[in-house]
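Engineer: Shown below is the structure under consideration.
The values are calculated or read from the model by the stated rules, or taken from the named source; none is laboratory data. Only a predicted model underlies this, so the values are computations on that prediction, with no experimental measurement involved. Counting neighbours? That spans all protein chains shown, and the Cβs are built from the backbone with ideal geometry, glycine included. The area values use the complete protein model at the heavy-atom level, side chains included, leaving out ligands, DNA and RNA. Shrake-Rupley method; radii C 1.70, N 1.55, O 1.52, S 1.80 Å.
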Amino acid sequence: MTVHVLGGHQTDFARNWTKEGLGVYDLLRESALGALADTGIDPAEVEVAHVGNLAAELFCGQAQLGGMVAAIDPAWAMLPTSRHEAACASGSVAALAAMADIEAGRYDLALVTGVELMRGVGAQEAAQHLGSAAWVGREAVGAAFPWPSLFAELADVVAERDGLDDERLGANLARIAEINHGNGLRNPLAQTRGWSFPDGCFGPDDVLNPPVEGRLRKYDCGRITDGAASVLLASPRYAKEYARRHGRSADDLPKITGWGHRSAPMLLADKLALAEGRPYLFPHLRQAALDAYRRAGVAGPDDLDVIETHDCFTITEYAALDHLGLTQPGQAHRAIEEGVIERDGPLPVNPSGGLIGLGHPVGATGARMLLDAAHQVTGEAGECQVEGARTALTLNIGGSCTTVAIFVVSR
């Protein structure tokens with residue numbers, strides 16, 4: 001069964017909601033009501049809601065977020081809701097659950113909303129809260145910033161496996177950072193849209209681009225961000241009626257044509273051990289990509305027009321490129337050096353700015369990617385639009401590539 005993406009809403013990722021005296025409920029409410037306004041759907045038509053969130057209990061002492069969705073509108077006072085946690089992939093896992101509800105015939109219209117309120121605590125405390133998505137007490141032990149530490153380790157492994165010296169890998173990571181920050185400047189909802197970037201700031205300058213962990217520097221890292229994103233997913237039956245009411249054809253509505261979802265053992269060390277002697281660093285990520293392509297009926301990246309991929313760090317995007325098939329295994333640097341992923345390249349990556357340029361409210365990222373993909377294939381992405389885009393792919397990663405979720409969205 002085809003699942004349609006009718007529309008949705010993303011909050012402004014530059015806002016600090018705690019400083020405004022607002023909380024996680026306000027984020028959820030603005031995004032959910034924004035999705036209804038975007039689509040012209042009455043709240044009473046929504047039949048189920050799925051919420052993606054990592055750590056509201058840690059960041060703001062709040063659990064039971066499904067009950068908060070039920071409080072947004074009187075029509076939702078008895079709405080069935082569920083919350084989903086898969087680290088940074090929480091929003092995508094919420095979307096997968098909503099799709100399953102629709103495909104099973106339980107419901108025709110589902111709200112998927114992802115949310116994270118992160119900026120109400122200091123950077124050190126935020127880092128420790130996010131570290132709960134690693135295996136606490138068994139990895140990144142003693143690290144001031146657990147995730148930069150783990151992904152710096154990953155960068156060292158990539159350099160060795162791909163045969164890249166420090167200068168070449170550094171130049172590739174710097175280019176990813178420069179592209180994504182540049183794309184973020186075009187996005188009116190991006191956290192870094194008002195930033196300025198002096199010459200040399202993406203390179204190995206310890207003043208302009210201070211080291212964080214290992215070979216990772218300031219501009220290699222995604223943003224601590226407050227934000228929410230929502231999408232409304234529909235069955236073919238509802239989509240057909242919705243299109244008729246709006247004087248459109250259901251064929252014009254974006255749809256999820258393929259998906260992939262895999263998980264690997266929690267510890268990064270265990271994942272690296274599984275990669276020994278194999279062509280891909282993360283075999284489960286490669287399999288998820290193949291699953292998505294097969295389900296979508298596409299041959300691979302040659303059939304894609306745009307990619308929104310996880311770039312919590314530049315090395316994350318680098319590692320994704322060969323797994324998605326843009327290059328042969330171990331050759332991801334070619335996609336960067338040959339300009340493939342540029343905004344005007346053959347296959348633009350992260351025209352939104354990605355997690356680095358746009359921002360990364362952890363539980364919201366998967367839903368945000370899905371919404372951006374829908375906007376791309378309908379020509380509604382504004383200044384972020386890739387001309388002529390008809391098929392988009394999203395890759396959302398949780399933990400040290402523990403949970404991976406991929407969607408192919410087409411029109």
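Engineer: For the chain, which longest stretch is free of loop sites, where a loop site is one of the GluC sites (Glu not before Pro) that DSSP puts outside H, G, I, E and B and that has at most 10 other Cβ atoms within 10 Å? Working shown, then result.
Structural biologist: Values: sites that count: E20, E276, E387.
In short, 21-275.
Engineer: For segment 130-174, how big is the tail of P(r) above 18 Å, as a whole percent of Cα pairs?
Structural biologist: Value for segment 130-174 (Cα pairs over 18 Å): 38 percent.
Engineer: Give the residue list of trypsin sites (Lys or Arg not before Pro) in segment 104-178 that are DSSP loop and have at most 13 other beta-carbon atoms within 10 angstrom. All intermediate terms of the calculation are to be shown ahead of the outcome.
Structural biologist: On the way: sites: R106, R119, R138, R161, R168, R175; in loops: R106, R119, R138.
Within segment 104-178, the qualifying trypsin sites (Lys or Arg not before Pro) (loop, at most 13 other Cβ atoms within 10 Å) are R106, R138.
Engineer: How are the C-alpha pair distances of segment 74-171 spread across 5 Å bins, as whole percents from the shortest bin up?
Structural biologist: P(r) over segment 74-171, rounded to whole percents: 2, 10, 14, 13, 13, 13, 12, 10, 7, 3, 2, 1.
Engineer: What's the carbon and sulfur percent of the chain's accessible surface, probe 1.4 angstrom, rounded to a whole number? Could you put the intermediate results ahead of the total?
Structural biologist: On the way: 7440 of 15290 Å².
Whole-percent figure for carbon plus sulfur exposure: 49.
Engineer: State in Å² the accessible area per residue of the chain; use a 1.4 Å probe, count heavy atoms of protein chains only, and round to the nearest integer.
Structural biologist: 37 Å²
Engineer: Roughly how many whole Å is it from the C-alpha centroid of segment 214-292 to that of segment 81-96?
Structural biologist: Cα centres, segment 214-292 to segment 81-96: 11 Å.
Engineer: Another one. Considering segment 148-301, what Rg and Dmax in Å follow from its alpha-carbon atoms?
Structural biologist: According to the Cα coordinates of segment 148-301, Rg and Dmax are 20.7, 58 Å.
Engineer: Let me ask something additional. Given the convex hull of the Cα atoms of segment 194-233, what is a quarter of its surface area in nm²?
Structural biologist: 4.8 nm²
Engineer: Next question, about the same structure. Using just the helices of the chain, give the 222 nm mean residue ellipticity in deg cm²/dmol: DSSP H runs with n ≥ 4 each add -39,500 (n - 2.57), and the total is spread over all residues, rounded to 500.
Structural biologist: -11000 deg cm²/dmol
Engineer: Just for segment 275-411, what percent of DSSP beta bridges are antiparallel, to the closest 5?
Structural biologist: The answer is about 60 percent antiparallel.
Engineer: Using the 2.2 N^0.38 Å rule of thumb for compact globular proteins, work out how segment 1-49 stacks up: its C-alpha Rg over that value, please. Before the final figure, lay out the partial values.
Structural biologist: Values: Rg = 13.1 Å, N = 49, 2.2 N^0.38 = 9.7 Å.
Working it through for segment 1-49, the quotient is 1.36.
Engineer: Report the charge-dipole magnitude of the chain in Debye, nearest 20, computed about the Cα centre from +1 at each Lys and Arg Cβ and -1 at each Asp and Glu Cβ.
Structural biologist: 820 debye
Engineer: Give me the distance between the Cα centres of segment 1-79 and segment 333-402, rounded to whole Å.
Structural biologist: About 22 Å separates the Cα centre of segment 1-79 from the one of segment 333-402.
Engineer: With springs only between Cα atoms under 10 Å apart, run a GNM on the chain and tell me which of G339, G363, G277 wobbles the most.
Structural biologist: G277
Engineer: Give, in nm to one decimal, the length gained when the segment between E387 and M1 is fully stretched (0.36 nm per residue of separation minus the Cα-Cα distance).
Structural biologist: Net length gain for the segment: 136.1 nm.
Engineer: Let me ask you something else. Stokes-Einstein diffusion coefficient for segment 229-299 at 20 °C in a medium of 1.002 mPa s, Rh from the Kirkwood formula over Cα pairs: what value in µm²/s?
Structural biologist: 141 µm²/s
Engineer: Rounded, prolate or oblate: pick one for segment 333-411, where a ≥ b ≥ c are the square roots of the eigenvalues of its C-alpha gyration tensor, a/c under 1.5 means rounded, and failing that, prolate if a/b is larger than b/c, else oblate.
Structural biologist: oblate
Engineer: Ratio of Rg to Rh for the chain, alpha carbon only, Kirkwood?
Structural biologist: 0.95
Engineer: Under a GNM of the chain (C-alpha, springs under 10 Å), which listed residue has the highest mean-square fluctuation: F59, F313, F197?
Structural biologist: Result: F197 has the largest fluctuation of those listed.
Engineer: Kirkwood-based Rg over Rh for segment 263-411 (C-alpha set), two decimals? Let's see the in-between values first.
Structural biologist: Values: Rg = 14.5 Å, Rh = 15.4 Å.
Taking Rh as the inverse mean 1/r over Cα pairs, Rg/Rh reads 0.94.
Engineer: Another one. At V157 and Q124, where each label point lies 7 Å from the Cα along Cα→Cβ, what is the point-to-point distance in nanometres?
Structural biologist: With each label placed 7 Å out from Cα toward Cβ, I get 2.9 nm.
Engineer: I need the calculated FRET efficiency for the pair L208 and Q331, taking r as the beta carbon distance and R₀ as 22 Å, to the nearest 0.05. Walk me through the numbers before you get to the answer.
Structural biologist: Details: r = 30 Å, r/R0 = 1.35.
Calculated transfer efficiency: 0.15.
Engineer: With springs only between Cα atoms under 10 Å apart, run a GNM on the chain and tell me which of L285, L150, L208 wobbles the most.
Structural biologist: Maximum fluctuation in the GNM of the chain, among the listed residues, is at L208.
Engineer: How large is the dipole of segment 139-241 about the Cα centre if only Lys and Arg carry +1 and Asp and Glu carry -1, each at its Cβ, rounded to the nearest 20 debye?
Structural biologist: For this selection, approximately 760 debye.
Engineer: Report, ordered by chain and residue number, the lysines lying within cross-link reach of K19, taken as a straight Cα distance under 30 Å and ignoring same-chain residues fewer than 8 apart.
Structural biologist: Cα-Cα hits under 30 Å: K218.
Engineer: How about K240: which lysines have a C-alpha closer than 21 Å to its C-alpha, ignoring those fewer than 8 places off in the same chain?
Structural biologist: Straight-line reach from K240, under 21 Å: K255.
Engineer: If you split all Cα-Cα distances of segment 1-123 into 10 Å bins from zero, what percentages do you get per bin, shortest first?
Structural biologist: 13, 46, 33, 7, 1
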